[in-house]
Amino acid sequence: MAAYKGGVGKTTIASELAYVMGAVLLDLDWDRGNATRAWGYRTEQRASAPLLDAIEAGRTPRPLVGKRKADLVPCHEDFVDTQPEPDVMATLIERWAKEWGRDVVVDTHPGGSPSTLGAMAAAHRIIVPAPFGEKEHEALEGMVTQLADYPLMVIPSRVPPVPPARDIERLRRITQDADVPVGPPVSHYVWLPRRTRRMAVSAPPITKQGQGFAEEIAAVAEAVRV
């Protein structure tokens, strides 16, 4: 999961996608609004930092087991200052995935930090959530232009019930000009940002409220597997 702009729905989609795919959720976003805290892990209450410790010791981190949510390798605020260079990060992710023997969904920090670039280099598919809007489309256009040789897939996110025709057309132009595939959309759900439960929306039993969102995430997972 990668995006040049924050607030596009990246962490929410990453957390749900990892659960649906039975993948390890590797969090490389050090900000407080990350997947780690949404999972329920609080770095200030822990004496160790699994991600940092594993990198320093040269070993593979052991994912925390989730109950009705994805297994997690949590990030830490200090990762901003200790993150490896891109080629090192890519090598680590590839090695860890092999040793885990599982798919890995990596949630990255917005922008082009070294760890984000490394994760993108290691990825078989880079999911780029793309809400509609002028600033959002400007960021998306810059990203797909600069990363034209990467395996990108744009996921229209936070899509309103009736999207403006101009936004649909601009998204079509941006992705067609860059020859980037567009995956299944994820709609805008007003209740989602207010949700405080830590388990995945897609975890059974799925609520009536979450049914549509869970179905959209399942469609994204299917597109990623292809």
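The values are calculated or read from the model by the stated rules, or taken from the named source; none is laboratory data. What you see is a predicted model; the values in this text were computed from it and never measured. Every residue, glycine as well, gets a Cβ built from its backbone with ideal geometry; the counts of neighbours run over all protein chains shown. The accessibility values were calculated without ligands, DNA or RNA, using every heavy atom of the protein model including side chains. Shrake-Rupley method; radii C 1.70, N 1.55, O 1.52, S 1.80 Å.
Remarks
- Residues of region 121-165 satisfying the condition of being among the aliphatic types (A, V, I, L, M), within 21 Å of I217 (Cα to Cα) and within 15 Å of the chain's Cα centre (by Cα): A123, I126, I127, V128, A130, L152, M153, V154, I155
- Counting the residues of region 203-213 that are crowded, with 18+ Cβ neighbours inside 10 Å and either in contact with a Ser or Thr (Cβ under 6 Å, 6 or more places away or on another chain) or touching a residue at least 24 places away in the same chain (Cβ under 8 Å) (or both) gives 2.
- Of K135, K98, all but one fail to be surrounded by fewer than 20 Cβ atoms within 10 Å (Cβ to Cβ), in contact (Cβ under 8 Å) with a residue 60 or more places away in the chain and assigned to a helix (DSSP H, G or I); the exception is K135.
- Residue ID - surrounded by the most Cβ atoms within 10 Å (Cβ to Cβ), chosen from residues in region 176-202 that are in contact with a strand residue (DSSP E or B) (Cβ under 9 Å, 6 or more places away or on another chain) and part of a loop (DSSP other than H, G, I, E, B): V186
- Selection count, region 177-202, where residues are without any contact (Cβ under 8 Å) to a residue 60 or more places away in the chain and within 18 Å of V159 (Cβ to Cβ): 12
The rows are residues; the columns are (1) at pLDDT below 95; (2) under 26 Å from E134 (Cα atoms).
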{"site": "P184", "(1), (2)": "no, yes"}
{"site": "W191", "(1), (2)": "no, yes"}
{"site": "R197", "(1), (2)": "yes, no"}
{"site": "K208", "(1), (2)": "no, no"}
{"site": "I217", "(1), (2)": "no, yes"}
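- Any chance A218 is touching a residue at least 12 places away in the same chain (Cβ under 8 Å), farther than 19 Å from A38 by Cβ, among the aliphatic types (A, V, I, L, M) and in a helix (DSSP H, G or I): yes
- Residue tally, condition over 21 Å from K67 (Cα atoms), assigned to a loop (DSSP other than H, G, I, E, B) and open to solvent by 50 Å² or more (accessible area, probe 1.4 Å), over region 1-57: 7
- Number of residues in region 64-95 that are open to solvent by 30 Å² or more (accessible area, probe 1.4 Å) and part of a helix (DSSP H, G or I): the value is 9.
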